[in-house]
Every structure is written in structure tokens, then in C-alpha cells.
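The values are calculated or read from the model by the stated rules, or taken from the named source; none is laboratory data. Treat the numbers as computed from the prediction; the structure is a model and nothing was measured. Ideal geometry is used to build each Cβ from the backbone, glycine not excepted, and the neighbour counts take in all protein chains shown. Accessible surface is based on the protein model in full, side chains and every heavy atom, while ligands, DNA and RNA are left aside. Shrake-Rupley method; radii C 1.70, N 1.55, O 1.52, S 1.80 Å.
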Amino acid sequence: MDRASFVPTGFDGTRWESIEPLIADLKARPVAMTRELASWLVDRSDLDAACSEARASLYIASSCNTDDKPIAEAYTAYLENIAPRLEVASFELDRRQVELGERFPLDRSRYLVLERSKRASVELFREENVPIQTELAKLSQEFGKITGAQTVQFDGGEKTLPQMSRYLEETDRARREGAWRGIAQRRLADRESLDALMDQMVRRRDAMAKNAGCAGYVEYAFRDKQRFDYTPKHCRDFWLAAEKHVVPLVRRLDARRQKALGVAELRPWDLNVDAKGRPGLKPFDGGRDLMRKTQAVMDALDPRLGALTRRLGDAGNAENGGGGAMVTDCLDLDSRRGKRPGGYQYVRDFSRKPFIFMNAAGMQRDVMTMVHEAGHAFHSMLCEGDELVEYRHSPIEFAEVASMSMEHLTMPHWGAAGGFYPSAGDLRRARHDHLQDSVVILAWIATIDAFQHCMYEHPTHTRAQRDAHWLELDAKFGHALSWAGLEDSRASTWQKQGHLFSHALYYIEYGIAQLGALGLWLKSRQQGERAAVDAYVRALSLGGSKPLPELFEAAGLRFDFGEKTVAGIVEAVEKELETLAD
Ligand SMILES: [Zn+2]
């Protein structure tokens with residue numbers, strides 16, 4: 001950094017005494033001209049980044065060491081004492097920023113995105129919604145408590161539902177069925193509590209929307225999520241497109257699966273097993289091996305991406321084929337006791353260093369997580385030069401293009417020298433399954449999105465009406481399955497999608513991004529990899545400094561998730577699936 005930071009050395013973002021004077025300065029400092037506003041914005045960005053990094057470091061430490069008591073306590077203390085104060089202060093600064101922006105107009109081409117975002121959040125804010133938000137956060141915690149306690153006695157022990165998922169991949173059909181029924185029965189035991197929880201959440205979200213002067217929660221959520229560039233109508237077009245183009249492909253794939261499995265009808269426990277009865281793929285052994293092979297794959301795809309990967313942590317000295325864990329300043333890859341489940345990329349905003357967290361266990365889906373999170377890290381690194389922290393993050397609809405594109409663009413190189421699949425057969429199988437999953441998911445996204453819209457458009461719907469609507473959607477978008485004797489499970493399947501409870505109306509983003517990412521994959525097939533990676537790097541370098549349609553445009557994509565886009569993608573994917581099927 002050339003300029004001295006507004007945040008002094010020795011700043012501690014976990015202590016209010018350290019943060020408070022800087023906030024006071026930003027609140028009171030006289031600003032009398034546009035130039036002074038511009039430097040106020042950069043100072044605020046420095047402070048925001050430093051505070052965000054303090055939180056990130058605590059979060060990272062606690063997820064890597066869940067059984068470390070002092071770390072857990074430090075994070076809880078932060079959430080209780082610092083985060084709420086910061087939120088209040090941040091809103092006050094937003095308000096000042098909007099006022100100053102009105103008095104001292106800034107260059108629109110640079111500040112448009114920042115200004116409209118702050119203005120939107122100031123306009124939507126209502127004092128009386130703050131306690132409702134707290135109630136919703138508690139209800140969401142309740143959801144975590146109910147579902148976190150769900151376990152099943154299976155295979156000689158107590159298993160969590162995530163642990164049960166591997167039994168659904170077993171080739172013995174009776175065993176899969178037993179596992180599926182175990183999960184389903186356990187879920188049904190909580191059906192009523194989750195119904196009651198959802199009733200309460202819908203009521204509160206609807207009240208919040210009315211308080212803010214919106215017709216309903218759909219309108220509120222669009223404003224709250226700052227969806228400036230699309231409307232509920234665009235979502236409905238996506239559902240139609242999915243129904244018309246994705247569902248027929250899903251049903252064709254289901255028919256093929258049924259034939260390969262040699263069963264009279266597909267049942268819900270037949271979807272996760274390899275249709276040809278092969279054992280799971282074993283692409284790597286340990287985190288160092290995962291990193292070394294990821295490096296080989298990225299080098300083969302493009303030297304620019306290879307160089308960015310090297311910045312995350314060089315695993316070049318790992319012994320050939322050897323295992324070994326991979327932990328660096330930017331990575332913690334291996335599954336071990338005392339680590340939170342899941343995977344994420346979290347950029348530390350002040351030092352501008354990405355961090356990839358995951359629980360690798362040697363499976364193909366870990367390879368997907370790794371290249372996905374690497375894509376997020378590339379995004380952070382490619383826009384790290386922007387002095388405004390807001391512009392070093394992009395809207396989710398595009399951020400997930402950065403990550404999902406890496407899943408697709410790396411595909412041809414998973415078999416590169418030093419890569420994951422030296423065997424051509426394994427490579428073909430991994431590519432086929434990945435591509436298939438990428439397009440099948442679009443039908444599920446349409447189901448979840450349509451279900452939520454309807455739920456909030458009819459906040460007085462009874463539980464029976466809600467379930468009836470779900471069944472209607474499942475018949476329209478779901479797999480070709482026989483549910484005979486499993487009607488209750490079918491009608492309440494929506495309860496397994498945590499987003500519906502904890503991140504209402506958030507899900508369409510994945511569909512928009514997946515279509516963008518598959519669009520880049522298509523570009524790489526039609527115009528060559530170089531052209532696709534050029535577009536990828538160009539768009540990611542913009543960070544979040546441009547509106548969504550311009551970010552897509554920079555990647556050579558149209559910001560469109562309606563019929564034309566969906567039809568083109570599905571056609572290309574189906575063609576590719578045929579060449580990969582054996
Ligand atoms: Zn992601």
C-alpha cells in the first residue's frame with residue numbers, strides 16, 4: 001500500500017476501545033468537498049476491512065479448532081460484544097455516507113454501485129424491524145438445534161444425517177433402502193416442530209416487510225438482497241425454462257439410470273448410487289496430495305491460474321503419491337477431529353489474503369470443493385488492488401460464477417500429468433457425473449425458488465396448503481420416482497433444505513451463477529480455453545465495482561437466466577454427456 005492506512009499499527013479489531021475512536025473520527029470529521037468525501041470513503045473502507053479481518057480470523061481459528069476453549073470464547077465474546085455495536089455504528093456511518101453523497105456528488109462511473117447499495121440499505125432500515133430480526137435469528141438457531149440433534153441408529157452405531165449420506169451410495173439396494181428409511185423416519189419425527197417453526201418465520205418476515213412499506217416479503221427480500229438487476233418475473237421465467245428444458249433431460253437420465261440399475265421403478269434411495277455399481281473414485285490421498293494435484297491441474301489449464309494457485313501454498317515438495325495434511329497461512333484442507341464440517345473460502349479483508357477451509361477425505365466431491373474454493377480465492381486475489389473493500393467483493397450471483405467456473409473449466413485437465421485421474425475411464429466417469437449434477441441441480445433450484453415465492457405471496461397458507469404446493473412442484477420438477485407408501489416424506493421433503501429456514505429467498509443465486517459458469521464452459525468448448533480464461537480473469541478483476549450485468553458482460557456472458565440461456569446450456573450439456581457415457 002502506498003498510502004498510510006487510516007487504521008493505525010497495533011489496531012485490535014476485537015476490542016471496542018481500539019475501534020471506537022476511528023468510528024468517532026468518521027462520524028465527526030468535517031467533509032466540505034468531493035475530494036474529502038472520496039478520502040473519507042477510503043478511510044472507512046480501511047476500517048471496515050480491519051474490523052472484518054478481526055472477525056474472519058476468529059471465525060477461521062474457531063472452525064479449525066472447534067475443541068479449543070479459549071478460541072471459542074474469544075469468538076463468542078466478539079459476537080456478543082463487538083458485532084452488535086459495530087452493526088449500529090455501521091448503519092450510522094451508512095447514513096452519513098448517503099447524506100454526504102447527496103451534498104458532494106461523486107463520479108458515477110466509479111461510485112454508482114457503492115452509492116446505490118448504501119442508499120438501498122438506509123432506505124429499507126426500520127427501527128421496529130431490529131427486534132424482529134433478533135427473533136428470526138433465534139428461530140434460525142432453533143432450526144439448527146432441531147436438525148443438529150437428528151441422528152439414526154444404523155450400521156451398529158449412532159449416525160448423524162450427513163454421516164448417513166454415504167450409505168445411500170452403497171450398491172446393495174436393500175441396505176440403501178434401510179438407510180433412506182432411517183433418515184426419512186427421523187425427519188418425520190420433527191415434521192411438526194419444523195412446520196411450527198416455519199409458520200412463525202413466515203409471519204415475522206411478512207411483518208418486517210409490511211413495516212418497511214413493502215407489499216410482502218418477496219418485495220422486501222429483493223430490496224434487502226439488493227437485486228437491482230432482476231425481478232420476480234425473471235425468476236418465474238427461470239422456473240418455466242427449467243420445466244421445459246431441464247426436467248425432460250432429468251427424466252431421460254432417470255430412465256437411463258433405471259435401466260442400468262435393472263429395477264422396475266426408481267425409488268428415492270436409487271438416486272445416489274453409481275448406476276453401474278462401481279466403487280467410489282479415489283482421486284487423491286491427503287491434503288498435500290490434493291494441493292499438488294490441484295496445482296498440476298491449474299498449471300495445465302492456464303499459467304495465470306497456476307500462479308494464483310501457487311500463492312495459496314506450494315505443495316510441490318510433497319512426496320510422490322504420499323499422503324500428509326496440508327495447512328498453510330491460506331489453507332487448512334484435511335478432515336480431522338475438532339474441525340467444523342463443510343468448506344469455505346474467506347478472504348481476510350485487511351491483509352487481503354484468502355483462506356480455504358475444507359474437510360478433504362480423498363473423494364471426488366473434495367476435488368470439486370477444492371477447485372470451487374480456489375475459484376473464490378482467485379476472485380479475491382484478482383481484485384485485491386481496489387482500495388474500496390466493497391469492490392473487493394462481488395454479488396453472490398457473480399461470486400459463484402468465479403467458483404463454479406473452476407469446477408467446469410478444470411474438467412478436461414483432471415487427468416493432466418500429476419493430476420487426479422491417470423485412468424481415462426475414471427476421468428470420463430468423474431466428468432460425466434459432475435456435468436450431470438451441474439444441470440440436474442437447476443431443476444431443484446427452480447423447485448426451491450418457486451416454493452419460497454409462493455409461501456411468501458400467501459403468508460396465511462396453512463401447513464396443508466404449503467405441502468400441497470410442494471407436491472405440485474415436485475410433480476413438475478422432480479425426478480421420475482415411485483413414492484408409493486412414502487407420501488408423508490414426499491410432502492415434507494422441503495424441510496431438508498435449510499435455506500428455507502435460515503436464508504429465506506436465497507437460492508436462485510446458485511441457478512443464475514451455475515448458468516453463467518456453464519456459459520463459460522461452453523465458451524471454452526466453442527472458442528477455446530484461452531478465450532474462456534481471458535474472459536474469466538477480466539471479469540473477476542472487476543471485483544464488485546460494476547453492476548451485475550456488466551460483470552457478466554465482462555466475462556462474455558449475457559446476464560440472462562431465462563429460456564434462451566437455459567435451452568442452449570442444456571442442449572450442449574446433453575451432447576457432452578453422450579460423448580462421456582460409456
Ligand atoms: Zn461458493
(message) Between Asp172 and Leu240, what is 0.36 nm times their sequence separation minus the Cα-Cα distance? Round to one decimal in nm.
(response) 20.8 nm
(message) Would any residue of the stretch 85-121 have its amide N under 12 Å from a label point 7 Å out along Cα→Cβ of Glu36? List them or say none.
(response) 104
(request) Would you please classify the overall shape of the stretch 265-377 from the alpha carbon gyration tensor, given that a ≥ b ≥ c denote the square roots of the eigenvalues, rounded means a/c under 1.5, and beyond that prolate means a/b larger than b/c while oblate covers the rest? (result) prolate
(request) Give me the percent of the accessible area of the chain that comes from carbon and sulfur atoms, probe 1.4 Å, all protein chains in place. (result) 51 percent
(request) For Lys339, list the aspartates and glutamates whose Cα falls under 18 Å from its own Cα; do not include residues on the same chain fewer than 8 positions away. (result) Asp67, Asp68, Glu73, Asp329, Asp366, Glu373
(request) Rounded to the nearest Å, what's the spacing between the alpha carbon centres of the stretch 180-254 and the stretch 369-413? Just the number, please. (result) 26 Å
(message) Is the C-alpha gyration tensor of the stretch 1-51 telling us rounded, prolate or oblate? Criteria: a/c under 1.5 is rounded; beyond that, a/b larger than b/c is prolate, otherwise oblate.
(response) oblate
(message) For the stretch 378-501, what does the accessible surface come to per residue with a 1.4 Å probe? Please give it in Å².
(response) 34 Å²
(message) With 32 Å as the cut-off, how large is the P(r) tail for the chain, expressed as percent of Cα-Cα pairs?
(response) 51 percent
(message) Looking at the stretch 344-408, I'd like the Rg to Rh ratio, where Rg is from alpha-carbon atoms and Rh is Kirkwood's inverse mean 1/r.
(response) 1.00
(message) Of all beta bridges DSSP finds with both residues in the chain, what is the antiparallel percent, to the nearest 5?
(response) 75 percent
(request) List the aspartates and glutamates whose Cα lies under 15 Å from the Cα of Lys233, skipping any in the same chain that are fewer than 8 positions away. (result) Glu219, Asp449, Glu457, Glu509, Asp560, Glu563
(message) Which of rounded, prolate or oblate describes the stretch 387-536 when judged by the alpha-carbon gyration tensor and an a/c cut-off of 1.5?
(response) oblate
(message) If I stretch the segment between Asp199 and Ser502 completely, what's the gain in nm (0.36 nm per residue apart, minus their alpha carbon distance), one decimal?
(response) 107.7 nm
(request) For Lys27, list the aspartates and glutamates whose Cα falls under 13 Å from its own Cα; do not include residues on the same chain fewer than 8 positions away. (result) Asp43, Glu92, Asp94, Glu99
(request) Distance from a point 7 Å along Cα→Cβ of Lys282 to each backbone N in the stretch 157-179: keep the residues under 18 Å and list them by number. (result) 170-171
(request) Count the net charge of all other residues whose Cβ sits under 12 Å from the Cβ of His372, scoring Lys and Arg as +1 and Asp and Glu as -1. (result) -3
(message) Among the listed pairs Lys353/Lys546; Lys353/Lys564; Lys145/Lys244; Lys118/Lys244; Lys259/Lys476; Lys118/Lys210, which have their C-alpha atoms separated by more than 27 angstrom in this model?
(response) Lys353/Lys564; Lys145/Lys244; Lys118/Lys244
(message) Can you tally the net charge around Arg44? Count Lys and Arg as +1, Asp and Glu as -1, for every other residue whose Cβ sits under 12 Å from the Cβ of Arg44.
(response) -4
(request) Let me know the charge dipole size of the chain about its Cα centre in debye, to the nearest 20, where only the beta-carbon of Lys, Arg (+1) and Asp, Glu (-1) is charged. (result) 800 debye
